[in-house]
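A.B. asks: One structure follows; several queries about it will come next.
The values are calculated or read from the model by the stated rules, or taken from the named source; none is laboratory data. Quantities reported herein were computed from a predicted structural model and do not represent experimental measurements. Every residue, glycine as well, gets a Cβ built from its backbone with ideal geometry; the counts of neighbours run over all protein chains shown.
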Amino acid sequence: MAIVPRFDQLPIPPANAAEYNTVCQFCNVGCGYKVYVWPVDESGDVAATTNAFKLDLSKPQPALAGQSYTETMHSITVGKDGRQYHVVIVPAMNSPINQGNYSYRGGANALTVWSLDRGTQDRLTYPLLRVGDQFQAITWQDALALIAGVIKGIRDRDKNDDNIAVKCYDHGGSGAGFEDNYGAGKLFFDALSVKHIAIHNRPAYNSEVWGSRERGVHELNYDYSDARLADTVVLWGANSYETATILYTQHILANIQGATVAEKRKAFDQGEPAEPGYLIVIDPRKTSSYTVAETVASNQVLLLQPNFGTDYILAHAIARVVWERSYYDLDYLKARTDMKLFEEYKQKNLKLDKKYADFMAEAERITGVPKAKIEQAADWIAKPKAGKFKRRTLTIYEKGIIWNMKNYDQVAALVQLAVLTHNIGRPGTGCGRQGGHQEGYVRPPAPTPGSIYNGGPPVNVDKFLIGGKGKFYWVIANDPYLSTPNNQIFRKRIHERTTKLTKALGESGEAATIQGRIDAILKALYSDPDALFMVVQDIYMTETARDAHLILPAAGWGEANDTSINCNSRLLRLYEKFMDPPGEAKPDWEIFKLVGEEIAKLYRAAKQNDVAAKFEFGKNWKTDEDVFLAGAQEFKDNQVSEEDEATLEAENYKGVTYAFLKQKGQEGIRTPVRRDPKTKNLVGTLRRYTSKFGTADGKFKWYATDNWEGYPAEVAKYLDGTKAKEYPFWVTTGRIQHLWQSTYHDRHLPEREIANPLPYAEINPDDAKKLNIQSGDLIEIYNEEGNAIYMAYVTDAVKPGTIFMVMYHWRGTSNSLVSGYTDSKTTIPWYKGTRANIRKVGNPPTFIQLTASTLQQNKFN
């Protein structure tokens, strides 16, 4: 018998089934999907005229080319009318991104649908109030009144919003697109002025790519077609096979295998050589992105494994080779870049006053990458092709760079290498993020500073809260008890602070009225400065929510209309609503609107009508599209020429409507959207910075990064004296294909839970032998920040002396061991590097032996 139910057949959508367009809720790639919904007492048939697929289902579909429909693509939900409905979510054959293909994650979109016959029945369905040690159901009216009363009470006492702290997404995808982002921005930045706000995966309100943006290059600048056209693709700190699967398998791998040569001939200049592509993987690990490519084209793949934190030094070394070998176009540099700043870059980063041999010897010592490999990488990135045609290189970076030591300098070094070699703005080129999820940012200006070069860096909100500051903490659609750095300390302190308020409220009995509770909360908060009131807004009960005082149920993906762009093409599409949210759950934008209106009522009652008006920002928002259109007004006038696209915000969609997006379907439109000055038509932007960069004068702004200074004190302490022996392993962390982000859905899906019962850590066979550890064993990984119990995977993916830990799992988080260090220029943490030791706890438990694979995950031969 199967561990999870299996089916001999699947229901066929009838020809009259409701049909919707949507985009996968998970990673950055943005694969297109079709959704079919119909009552459970109806069915289609195999004839093409009787089913919604319009296919002859009496015959097998063509292998790897036909319409996919599997058990994981079907679910049953319950509508507001009380009826049960089939929901089928299949990859869209007409999507330019996935072309009918799907990943492990996307192929299971249907399993995440709210259903009464699987773990998703655990969705939050109504507001919950902590009363003593229990959560009790309350009405939305009481929940809104409580939040509004506490917020206004704090503002009345403080005369500012500095005691209000927020942890909220700044992105799209996963059911939180432009609409929800704009709602958040209007409440927290326009109505309130929240300075202590942090983004979902980091402790401040900041950009992970200021090092690129302040050069004039937004991080989303290339198109998926560039992965097919590039002579060389560089994956720098990006494990695309696992975290952007379809981008890798459908486009990058196809390029390496030679399947896109005909496309190259069409796109390239006349006479320019077009050949199968090369792949450079730069990562401390031998990732599956490397080993898959090595299996199919070993002579076209190069792996560089730099020492921890040294990537920017490696980028400078490659750039020095480029300079020495004249792999650059001086006319381009003079025309498109700030040459005064270029001289500073050459002096401080390329160190042209130092002999080449000496420079490279130092780079080799710091990075651990052999000189020959550095030079080979430079050749693959920039050596002109036959006929003196410029090489076309696409550099894609992700968490291994943006969550690295010295975030600002790491990112700046990569984009400067790309500009030095003219690998931005041409077909087959670009230098940008892979992305973690899709994007959808539109908000009023934030009351928070930028990088150290623009008034910052921003406040570290985690440390603000750990230090006993703040009185109101609102956590929205994320789980900081898993995701923040120095996590063990953070969890302990927030638990202590929220518990103080809980105990204070229960000392003389819980108040019977909402106003009485508001008064009691405010009294306790100002009697004990360490007490903290916490609200959590999410779709499930999370680790963080268990310490909350009030929990708000939110709508998820597919339960409201929303819009986002994917990261590899900035492709804007409409993710159509295809089902109702469970119970009384609401879209985030509507919750923000209702909170604002409730606060406005209190100010109007106090005769403060001018203040009340600020909180009535959503009074005309009746639909999802109302919010989408209101958000568009934040963008610049987009009636500009193609040459001036760089002057626009990367996500500018001014003029776009839901009707326009429905007409476009899976084709969508690439942002920034322009209104052509001649035709007045809306047109997309295929790739950016062909004519100008995004600076005041249109020229790229070079930057001299710091020299190598060793490691920050929080990590350097582990390298001195006896601690080097006490904590002998470097630790890196990351995401995996099988679990999405904080596992908010996955933990509720039996198919995922039994295959991934515990978080795992990769350990090299040499180290495992010394410690008598085998795959499947339980191990404790520990340092002075914290500890975690993980399952061991013995693999050569990591070098001796290095371990890799899965970031988030409901049974543990690698962030318990991550230090509180952040880049002094950006307040971005170094999630990807620390030191630790390992202790074997025991042999594999029986439940792991039955369901979890311990095969080496980067082996494909």
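A.B. asks: Here are some conditions: (1) closer than 25 Å to HIS437 by Cβ; (2) assigned to a loop (DSSP other than H, G, I, E, B). VAL798 meets all but one. Which one does it not meet?
C.D. replies: For VAL798, the failing item is (1).
A.B. asks: Tell me the helices (runs of 4 or more DSSP H) entirely within the range 643-735 that contain at least 1 residues that are modelled with pLDDT of 95 or more and in contact with a helix residue (DSSP H, G or I) (Cβ under 7 Å, 6 or more places away or on another chain).
C.D. replies: On the way: elements: 658-664, 713-716, 723-726.
Answer list for the range 643-735: 658-664, 723-726.
A.B. asks: For the range 504-563, give me each residue that is under 20 Å from GLU590 (Cα atoms), part of a loop (DSSP other than H, G, I, E, B) and of a type in the set (Gly, Ala, Ser).
C.D. replies: The answer is ALA555, GLY556, GLY558, ALA560.
A.B. asks: Regarding the range 785-804, can at least one residue be identified that is within 25 Å of the chain's Cα centre (by Cα) and at pLDDT below 95?
C.D. replies: No, that holds for no residue.
A.B. asks: Also: Can you spot a residue in the range 824-844 that is within 28 Å of ILE3 (Cβ to Cβ), buried (at least 18 other Cβ atoms within 10 Å of the Cβ) and either of a type in the set (Ser, Thr, Tyr) or not assigned by TED's automatic domain parsing to the domain that holds GLU398 (or both)?
C.D. replies: Among the residues of the range 824-844, at least one is within 28 Å of ILE3 (Cβ to Cβ), buried (at least 18 other Cβ atoms within 10 Å of the Cβ) and either of a type in the set (Ser, Thr, Tyr) or not assigned by TED's automatic domain parsing to the domain that holds GLU398 (or both), which makes the answer yes.
A.B. asks: Same structure again: Check GLY425, GLY368 and return the single one that is under 30 Å from GLY271 (Cα atoms) and either at pLDDT 95 or above or of a type in the set (D, E, K, R) (or both).
C.D. replies: On the way: GLY368 fails: under 30 Å from GLY271 (Cα atoms).
GLY425 is the lone residue from the list that is under 30 Å from GLY271 (Cα atoms) and either at pLDDT 95 or above or of a type in the set (D, E, K, R) (or both).
A.B. asks: Let me ask something else about it. Can you report the number of residues in the range 351-385 which are out of contact with any strand residue (DSSP E or B) (no Cβ under 9 Å at 6 or more places or on another chain) and of a type in the set (Ser, Thr, Tyr)?
C.D. replies: Total satisfying the criteria: 1.
A.B. asks: Something else: Sort through TYR312, TYR328 and tell me the only one that's outside any helix (DSSP H, G or I), touching a residue at least 24 places away in the same chain (Cβ under 8 Å) and not assigned by TED's automatic domain parsing to the domain that holds TYR102.
C.D. replies: Working: TYR312 fails: outside any helix (DSSP H, G or I).
Testing whether each residue is outside any helix (DSSP H, G or I), touching a residue at least 24 places away in the same chain (Cβ under 8 Å) and not assigned by TED's automatic domain parsing to the domain that holds TYR102 leaves just TYR328.
A.B. asks: Taking the range 209-250 on its own, how many of its residues are part of a loop (DSSP other than H, G, I, E, B), closer than 14 Å to ASN566 by Cβ and among the small types (Gly, Ala, Ser)? Spell out how you get there, then give the answer.
C.D. replies: From the range 209-250, those part of a loop (DSSP other than H, G, I, E, B) are 209, 214-223, 230-231, 237-239, 244; that's our starting set.
Pick out the ones that are also closer than 14 Å to ASN566 by Cβ and you get 219-223, 244.
Now restrict to residues that are among the small types (Gly, Ala, Ser): 244.
Residues in the range 209-250 being part of a loop (DSSP other than H, G, I, E, B), closer than 14 Å to ASN566 by Cβ and among the small types (Gly, Ala, Ser): 1 in total.
A.B. asks: Let me ask something additional. Looking for something surrounded by 24 or more Cβ atoms within 10 Å (Cβ to Cβ), farther than 26 Å from TYR345 by Cα and in contact (Cβ under 8 Å) with a residue 60 or more places away in the chain - is there at least one such residue anywhere in the range 405-422?
C.D. replies: Within the range 405-422, none of the residues are surrounded by 24 or more Cβ atoms within 10 Å (Cβ to Cβ), farther than 26 Å from TYR345 by Cα and in contact (Cβ under 8 Å) with a residue 60 or more places away in the chain.
A.B. asks: Among the residues of the range 164-172, is any modelled with pLDDT of 95 or more, in a loop (DSSP other than H, G, I, E, B) and over 13 Å from the mean Cα position of the chain (by Cα)?
C.D. replies: So far as the range 164-172 goes, no, none of its residues is modelled with pLDDT of 95 or more, in a loop (DSSP other than H, G, I, E, B) and over 13 Å from the mean Cα position of the chain (by Cα).
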